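The values are calculated or read from the model by the stated rules, or taken from the named source; none is laboratory data. Since this is a predicted model, take the numbers as computed values, not measurements. Cβ: placed from backbone, ideal geometry, glycine included. Neighbour counts: every protein chain shown. Accessible surface is based on the protein model in full, side chains and every heavy atom, while ligands, DNA and RNA are left aside. Shrake-Rupley method; radii C 1.70, N 1.55, O 1.52, S 1.80 Å.
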Amino acid sequence: MCVNGETFSAQPGSYCDLERIWKEGDTIALRFDMSLRLWVGEAECAGKVSLYHGPLLLAYDPRFDAYSVDDIPEIDLSLPIKRVTYTGAEPSPMLLLSFATKTGGRIVLCDFASAGVCGTRYRSWLSCGEFTPNPFQRDNPLRCTYLTY
């Protein structure tokens, strides 16, 4: 993170206090780790995961694809993801990503903030295979699993 070009260190997953007298024209530049990560569901979400692209939670919204929200295919996380350019009606999503499915097709996920804005149903807990929930650890307070390609 930089404030007016001066670098500050910040611990991921925590707050960063910037105590200063702010002036007009001050700038803040943030760099987020945009790695794909997943949060493994428990209890009523067991067997499902929530996918994150950096800090952005991803969701399935049928507005961007052809599957029923009640019959979403299992996502294959072993294959690379692709960014999708949106060309439909407004409002446009902030992010669209295409994932391979276990059946050989593709599925498009959007950022959670854009999911359902046109009244469509959406899902953020998705099937992606079997994963074991991570216990809390000081070096991984979010209990998430990072995926690398």
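Net charge in the neighbourhood of Pro93 (other residues with Cβ under 14 Å of its Cβ; Lys, Arg +1, Asp, Glu -1) is -2. May I ask for the percentage of alpha-carbon pairs in the chain that lie more than 28 Å from each other? Roughly 31 percent, rounded to a whole number.
For the chain, the per residue solvent-accessible surface stands at 65 Å², with DNA, RNA and ligands left out and a 1.4 Å probe.
What does the C-alpha gyration tensor say about the overall shape of the range 46-116? Classify as rounded when a/c is under 1.5, otherwise prolate if a/b is larger than b/c, or oblate.
Details: a/c = 1.44, a/b = 1.34, b/c = 1.08.
Rounded, since a/c falls under 1.5.
With a cut-off of 15 Å between beta carbons, the residues surrounding Phe64 carry a summed charge of +2, where Lys and Arg count +1 and Asp and Glu -1. Scalar couplings 3J(HN,Hα) for the range 91-105, obtained by applying the Karplus form with A = 6.51, B = -1.76, C = 1.60 to θ = phi - 60°, are x, 8, x, 6, 8, 10, 10, 9, 10, 6, 10, 5, 8, x, x Hz; x denotes Gly and Pro.
Restricting the range 24-57 to trypsin sites (Lys or Arg not before Pro) that sit in a DSSP loop and have at most 11 other Cβ atoms within 10 Å of their own Cβ leaves Arg31.
As a length-normalised measure over Cα pairs under 8 Å and 6 or more apart, the relative contact order of the chain settles at 27 percent. Put simply, the amide H of Gly47, placed in the peptide plane, has neighbours under 5 Å in Gly41, leaving out anything fewer than 5 places away on its chain. Here's how it looks for Arg106: its modeled amide H is under 5 Å from those of Thr101, which are all 5 or more places away or on a different chain. For the chain, the fraction of 1.4 Å probe accessible surface lying on carbon and sulfur atoms is 52 percent.
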